[in-house]
Amino acid sequence: MLKTLIKPNCYFLLFLFSFSLVSCSNLFTVPEDEALEDEEFTSAEWELIGRLSPLPTNPPSSLTNRFADDPQAAKLGQHFFFDRRFSKQGTISCATCHSPFHAFTDVESTSLGSGRGDRNAPTILNSAYNHWQYWDGRKDSLWSQALAPLEASNEHNGSRLQYAKLIDQYYRQPYEAIFGLLPNLSDLERFPPQGKPGSKAFDQMAKSDQIMITRIFVNIGKAIEAYERKLISRNAPFDEFVAGNRDAISREAKRGVKIFIGKGECILCHDGPNFNDNDFHNLGVQGNNPQMMDSQAKFMRVPQHPIGGEKRTNAWGRFFGIEQLLQDPFNNDGIYSDNTAANQLKFLTPFEFHLGQFKTPTLRDVALTAPYSHSGRFHTLEEVIDFYNRGGGNSGFMGEKEGTIKSLNLSQEEKSNLIEFLRTLTGRPLPDELTRNPNSF
Ligand code: HEC
Ligand code: HEC
């Protein structure tokens, strides 16, 4: 009603005095909604919005895992994902920290397995679209990523010998149907019950036996990846909106979209249909590393390169991530990869600018995955937006904050619109059979 009364007047005044719209809005209070109806997104804005949806039907192929799209492998991988026997004490599974009840993450700031870690658990949803895994990208495939927690002391804390024996005992038939015959592991002298690299039991084994056990271990990772590739969040209200249902999201959320692609500059990094650029940035988020807490990043000595400088910590972010990836026997160029032709790591070198950089996370399902950031320091989306609004962090991190991160001057209303928009990125629930523990049925 107000619209039809005011608009003609306004145009009339414009016509008469050739004044700018500013003088109009001084004379009449135009309700803010009017200026921001969704049909008023400019064509340039629609072009940006179009980059964010829909998510491609399939995640990019996993070239280094022959079993990545094998349905039998996915089924077996789901068993492994939920099976707590795959841990030292029989108490931890992947789902402990990546729970289907919490959008495949946990509710902790930093995760608790056999011990407390110093990073926040990201969701596994849509991780198949990531080029790099982990906050620092120290893994270049999902299969290789899955192997790390299984042996990490503060996570599953088990060993590959133990896992090979579990498969022999409980999963021989389905394992062999996919990966071929298991070796005979019954000789306890040759294959002790426990052992991983660095332990005496494992290191004393014949080299060829070590590789044989490690291949079984690697196949656990390859089956888990096949399962993870099915954990995809899509068809969120925002997708419906982009597909043409203009009522799929609220007016507030539409204003949030405008800020996301405009004033907030969020799309600089949260770009593409998975809302990430597959790249790493330094926003100045405070880390959880005690060594970092009392030292301002800018006063830290430039690390020596290559190896040999100060002790590496997780606060080094992407720098340390690259160093670890290059030395990882399970990287895409290693002997356990099913396709080393890509040889993609050849050009990867840690540079000073990588210090303190972390991976841009997906924003799909972000309303369900609190706490936030690599260190889990933000408990709510409000806290994250306030952080961006004041121009990122000032202390407690390594390296240099990126120049693009600067104060945004968002009003209270703009901040809440942005959050309304983020809430429209929650996808349709996954089919039940993918989210439950198949071992308990
Ligand atoms: C004790 C808790 C815990 C357990 C158990 C655990 N994770 Fe994680 N997971 C984490 C944390 C914390 C991170 C982030 C660590 C980092 O970036 O340094 C992570 C990261 C990941 C990522 C990377 C996601 C991304 O976007 O970078 C994947 C995938 C993943 N975990 C899968 C698994 C699988 C598969 C298992 C079981 C074999 C598993 N996790 C077991 C806590 C856990
Ligand atoms: C310069 C790149 C960049 C820009 C611009 C940017 N982000 Fe981020 N975003 C990141 C990175 C990198 C992280 C992880 C930072 C960390 O943990 O150190 C992140 C984390 C987040 C998180 C936490 C997600 C999680 O799962 O923990 C949210 C929410 C978020 N960003 C929303 C936004 C919004 C909204 C904007 C615009 C106001 C924005 N981002 C602008 C790169 C960016």
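Ellipticity at 222 nm from helices only: DSSP H runs of n ≥ 4 in the chain, each -39500 (n - 2.57), divided by the residue count, give -10500 deg cm²/dmol. Here's how it looks for Lys139: its modeled amide H is under 5 Å from those of Gln133, which are all 5 or more places away or on a different chain.
Would you kindly state how much longer the chain becomes between Leu326 and Ser440 on full extension, computed as 0.36 nm times their sequence separation minus their alpha carbon distance, in nm to one decimal? Let's see the in-between values first.
Numbers: separation 114, 0.36 × 114 = 41.04 nm, distance 3.91 nm.
Stretched fully, the Leu326-Ser440 segment lengthens by 37.1 nm.
Does segment 311-374 come out rounded, prolate or oblate, given a ≥ b ≥ c as the square roots of the eigenvalues of its C-alpha gyration tensor, rounded meaning a/c under 1.5 and, failing that, prolate meaning a/b above b/c? Walk me through the numbers on the way to the answer.
Values: a/c = 2.45, a/b = 1.43, b/c = 1.71.
It comes out oblate by the Cα gyration axes.
Potential lengthening of the chain between Ala152 and Asn235 amounts to 26.4 nm, from the contour at 0.36 nm per residue minus the alpha-carbon distance.
Work out, step by step, the length gained on full extension between Arg116 and Glu382: first 0.36 nm times the residue separation, then minus their alpha carbon distance; give nm to one decimal.
On the way: separation 266, 0.36 × 266 = 95.76 nm, distance 2.59 nm.
Full-extension gain reported as 93.2 nm.
Comparing Phe347, Leu368, Ile259 along the charge dipole axis of the chain, the residue lying farthest to the positive side is Phe347, per the Cβ-charge model. Based on the alpha-carbon gyration tensor of segment 371-441 and its eigenvalue square roots a ≥ b ≥ c, which shape applies: rounded if a/c is under 1.5, prolate if not and a/b is larger than b/c, or oblate? Cα axes put segment 371-441 in the oblate bin. Distance between the pseudo-spin-label points of Ser411 and Lys207 (7 Å out from Cα toward the beta carbon): 7.1 nm. Simple spin-label estimate for Thr340 and Glu47 gives 4.5 nm between the two label positions (7 Å along the Cα-to-Cβ direction from each Cα).
Going down the list Lys165/Lys207; Lys139/Lys222; Lys165/Lys230; Lys88/Lys200; Lys263/Lys406; Lys88/Lys359, which pairs span over 22 Å between their C-alpha atoms? Going by Cα-Cα distance, Lys165/Lys230; Lys88/Lys359 fall outside the 22 Å limit. Whole-Hz Karplus values for segment 226-243 come out as 4, 5, 4, 5, 9, 8, 10, 9, 8, 6, 6, x, 4, 5, 4, 4, 5, 6 Hz, taken residue by residue from phi with 6.51 cos²θ - 1.76 cosθ + 1.60 and θ = phi - 60°; glycine and proline positions read x.
Between Asp279 and Gln173, the modelled label-to-label distance comes to 5.1 nm, taking each label 7 Å out from Cα in the direction of the beta carbon.
Counting other Cβ atoms within 10 Å as a rough exposure proxy, the listed residues Thr91, Thr64 run Thr91, Thr64 from fewest neighbours to most.
Would you work out the relative contact order for segment 71-231, in percent, from Cα pairs under 8 angstrom that are 6 or more residues apart?
Working: 239 pairs, mean separation 49.9, N = 161.
Relative contact order here is 31 percent.
Quick one: Ser99, Ser440, fewest Cβ neighbours within 10 Å first, how do they rank?
Working: Ser99 16, Ser440 6.
Going from sparsest to densest Cβ surroundings: Ser440, Ser99.
Between Ala367 and Glu433, the FRET efficiency estimated from the beta carbon spacing at R0 = 30 angstrom works out to 0.75. Given +1 at the Cβ of Lys and Arg, -1 at the Cβ of Asp and Glu and no other charges, the dipole of the chain around its Cα centre is 1020 debye to the nearest 20.
Assign one of three labels to the chain, namely rounded, prolate or oblate, based on the Cα gyration tensor with a ≥ b ≥ c the square roots of its eigenvalues; rounded applies when a/c is under 1.5, prolate when it is not and a/b is larger than b/c, and oblate otherwise. Walk me through the intermediate numbers first.
Working: a/c = 2.68, a/b = 1.86, b/c = 1.44.
Prolate is the answer for the chain, as a/c is 1.5 or above and a/b outweighs b/c.
The charge dipole of segment 69-184, taken about its Cα centre with unit charges on the Cβ atoms of Lys, Arg (+1), Asp and Glu (-1) only, comes to about 280 debye.
Any read-out appearing in this document is the output of simple, stated calculations on the displayed coordinates, not a laboratory observation. All figures in this text were calculated on a predicted structure; none of them were measured in a lab. Cβ: placed from backbone, ideal geometry, glycine included. Neighbour counts: every protein chain shown.
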